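Written below as structure tokens is the structure these notes are about.
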Amino acid sequence: MKSTTISKLKASLSEYLMRVKAGEELYITERGKTIAKIVAVTRDQEAVPPHLHELERAGLLRPGKEGLPRGFWAMKRPPVKGSAVAALLRDREEGR
């Protein structure tokens, strides 16, 4: 966490933005009081639920970089194996 004054930010904006891109948070001060914080935006964070961001930071999730292939929703579903369905129904009956 780095802080700087408005005048220093104006004088060295490119340098500070490089640091922010690298993941550093930058606090802007005016007359000794923090007035703003600059952080990097890597993607539309509003579209991704917060719990997925936590999993990504923990290294348990890697977000996809590409969309689904053309015609994905028109593809046939794979066949359902009877034994898996039967096991699921048994579990439901047993209250698991």
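Points worth noting:
- From phi via Karplus (6.51, -1.76, 1.60), per-residue ³J(HN,Hα) for the range 23-36 in Hz, x at Gly/Pro: x, 7, 8, 10, 9, 9, 10, 9, 6, x, 10, 6, 10, 7
- Of all DSSP-defined beta bridges confined to the chain, some 55% are antiparallel rather than parallel.
- Where 60, 68 fall by accessible area, highest first, once all protein chains stay in place (1.4 Å): 60, 68
- Estimated inter-spin distance, residue 31 and residue 15, nm [label 7 Å along Cα→Cβ]: 2.7 nm
- Summed over the residues of the chain and divided among them, the accessible surface reaches 93 Å² per residue at a probe radius of 1.4 Å.
- Convex hull projection area averaged over all views, the chain, Cα basis, nm²: 12.0 nm²
- Using θ = phi - 60° and Karplus 6.51 cos²θ - 1.76 cosθ + 1.60, couplings along the range 62-73 (whole Hz; Gly, Pro as x): 10, x, x, 9, 10, x, 6, x, 4, x, 4, 6
- Helical runs (DSSP H, four residues minimum) scored at -39500 (n - 2.57) apiece and divided by the length of the chain put the mean residue ellipticity at 222 nm at -10500 deg cm²/dmol.
The values are calculated or read from the model by the stated rules, or taken from the named source; none is laboratory data. All figures in this text were calculated on a predicted structure; none of them were measured in a lab. A quick note on method: Cβ atoms are made from the backbone with ideal geometry, for glycine too, and the neighbour counts reach across all protein chains shown. Surface accessibility is based on the protein's heavy atoms, side chains included, excluding ligands, DNA and RNA. Shrake-Rupley method; radii C 1.70, N 1.55, O 1.52, S 1.80 Å.
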